[in-house]
Each structure stands twice: as C-alpha cells, then as structure tokens.
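Student: If you scroll down you'll find the structure; I have some questions about it.
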C-alpha cells in the first residue's frame, strides 16, 4: 500500500535526530548519504578539532561541538554515528549508549574483544541499539548475490576469494599507527573481509594469516594473505594490501560445484557451469548507496520496523576473528575460531 501524502510528510517531520562523531574522511560519505534520507537527519557534529566540526556543521546547518559530552548535554539525539579511530570507540560508544542514544559505530568495531564486549554490554544494559558499520553488506550486488547463493544455483559452495588490494600512501594516516588502529591492513580492510565471509558462509572454523613485505616502512603490516575454512568446509582466500594494486574487476568471487558468482567494482555476474554463460545482475559498487541503505536499516531498527542487518554478535565476531588472525600470523599456524557468547557468566549480575 502506497503511503499517503500526509503520512509521508509526518514521517519527514519526525526524522530521527542523528549526531555525527568525527568529521574526517569517512564522515564525508555519511554526509552525502544523508542528503536524500527520509528516515533521519544530522542535527549535530562533534570533533576534537573545533574548526573541522564547524566546517561540517555549516555544510548541513546544524550544531557543532568539540566533545561528545558537550554534544549529549547540548543536543537531544535519537542516534549517533561514530567515525573516529577504533581505539577511541569503547569510551565514546559507552558514553553515548549510557546517555540513551542508539549508536552506529564504524569498523573496526574495537581493537580488541574486551573493548567490544564492554560496548555491547553497556548497550544491552541501557536498552539501546548498537551496531557495527559494514558497508559491503548493503551493496545491492552483494545483497543479490546472497540471494543467489541461498537459492542453491551454485550447488555446493567450494571456494571464496576476496581481494582488497590497492596502493595507498599510509605513512601519515592514523590507520598505520598501531596504538590507534590496533594493527594494519589486516584489521582495517580485513574487518570487511571477515564480515563478508560470515554473511555468505556462516560460522568459521579456523584461520591462518601471513604477512607480506613492508615497502612503506610502516610499523604495521601493509600486505597480508588470510586463509579461512568455514564450518561447512568452504576454503577462503583473502588478499589485503595497501602497497600493491591488483588489477581485478571483481573484489569477491564465490565458486560452487554448479556455478560461480563474481561481484565487481563496476558490474557483477554469475555463471551456470552447465552452459558456460555469464549473466550480469548488477552495476557494481556504489558507496553512497551502501551508506544510505545502512542508515535506513539502522533507523528502521530503532523505530522497530525491521531487524538490524548486523547484530551485536556480528560485531563481536568480527573483532574476535581478526584477533585470531593476528594470533595465527604471530604463531605461523592455524588457529581455531570459536566465537564467544555475547554474554558470558562474568558479565551477569550477581543475585543475592
């Protein structure tokens, strides 16, 4: 049933009020995604650099603040998007959720499991929603590919290949500062890889990782190869790099016993091995569309209209698997992946 003009107008007037924490590069993509968003709007921007916050605030005509504490005291918010470096996520997110604000936190969700658990437990106690941003799950081609896999058109899944390899000068970026980022390309780009693997394949069984040569003289890994086996027996190969560019049209390829799917930057397609014909089904990667869909899902989940696509368990799993991959890299061996429960006995209240 098509909404009436009056109900549509009423909904626009009741847009969820979002605060944007962090005015850096990733925040600019969110600004574009909010431009045609009927569900929500930005009413406040916070950054420890006051001028950066003011610059963004002037663009969207909203309030600016230099601390999260001032923002929560000075502005009535329904939700917030955290776009700061990952080491800062636990303190910022805990403050927000304890202030009764729903939070969409950029990836990496946390640099360690303890931080992720602290965030999620705080949100559960406060009764608000906390989710991890993972844009690739919202890319239309990825969503369609998930339906194709679920339909059984590929037969039994055999191999999963993912490549995020593009040369970028990381020398002056916080992403290469381990105290802030928690690591290098493995935690930065690999967080997307882990979430995509779990999205398509379900639970993972074990992980291994190897580091490549460092050519940018960074304190963290610049190139890494990650190998994973899913609980269902699918072999996964992940190539990550800031130092080389792999000239590939696709970033994700899934092979089954009867067919294959290739998800690309500019187009996507699948093939039935019985006839060898590739069929296009998408127009490629659209970052702003993905961010817009992510905001819509989060907003509708806050309203109780649909479930979160990325749950707290998904966020915790992403952190835990990346930690396991670093352990595998250090030890040069396969590490079992056993995702811990979101709530553990030590997290439960003591009843007297």
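Please treat every number below as a calculation from the coordinates, not as lab data. From a predicted model like this one, the values you see are computed outputs, not experimental measurements. Glycine also receives a Cβ, built like all others from the backbone with ideal geometry; neighbour counts cover every protein chain displayed.
Student: Would you please report the Å³ per residue occupied by the convex hull of the alpha carbon atoms in segment 159-217?
Tutor: 112
Student: How far is the Cα center of segment 130-209 from the Cα center of segment 216-252, in Å?
Tutor: That distance is 9 Å.
Student: May I pose another question? So what is the 222 nm mean residue ellipticity for the chain from helices alone, if each DSSP H run of at least 4 adds -39500 (n - 2.57) and you divide by all residues, rounding to the nearest 500 deg cm²/dmol?
Tutor: -11000 deg cm²/dmol
Student: If you look at just the Cα atoms of the chain, how large are its Rg and its Dmax in Å?
Tutor: Values for the chain (Cα only, Rg and Dmax): 20.7, 68 Å.
Student: Just to confirm the number: angle between the C-alpha axis of helix 89-98 and the first principal axis of the chain, 0 to 90 degrees, nearest 10?
Tutor: Helix 89-98 sits at roughly 50 degrees to that axis.
Student: Peptides 16-26, 144-154: what's the order by average Cβ count within 10 Å, highest mean first?
Tutor: Listed from highest to lowest mean packing, they are 16-26, 144-154.
Student: Report, in degrees rounded to the nearest 10, the 0 to 90 angle that the Cα long axis of helix 190-201 makes with the longest principal axis of the chain.
Tutor: Rounded to the nearest ten degrees, it is 70.
Student: How tilted is helix 113-126 with respect to the longest principal axis of the chain? Cα atoms for both, answer in degrees (0 to 90, nearest 10).
Tutor: On a 0 to 90 degree scale, this one is about 40.
Student: Limiting things to C-alpha atoms, what are the Rg and the maximum Cα-Cα separation (Dmax) for segment 50-111, in angstroms?
Tutor: For segment 50-111, the Cα radius of gyration and maximum Cα-Cα distance read 11.8, 33 Å.
Student: Ok, one more. Pick from 31, 308, 218 the residue whose mean-square fluctuation is largest in a GNM of the chain, springs joining Cα atoms under 10 Å.
Tutor: Of 31, 308, 218, the Gaussian network model singles out 218 as fluctuating most.
Student: Taking 2.2 N^0.38 Å as the expected size of a compact globular protein, what ratio does the Cα radius of gyration of segment 8-133 give against it, to two decimals?
Tutor: 1.00
Student: What whole number of Å gives the distance from the Cα centroid of segment 19-56 to the Cα centroid of segment 285-310?
Tutor: One Cα centre to the other: 17 Å.
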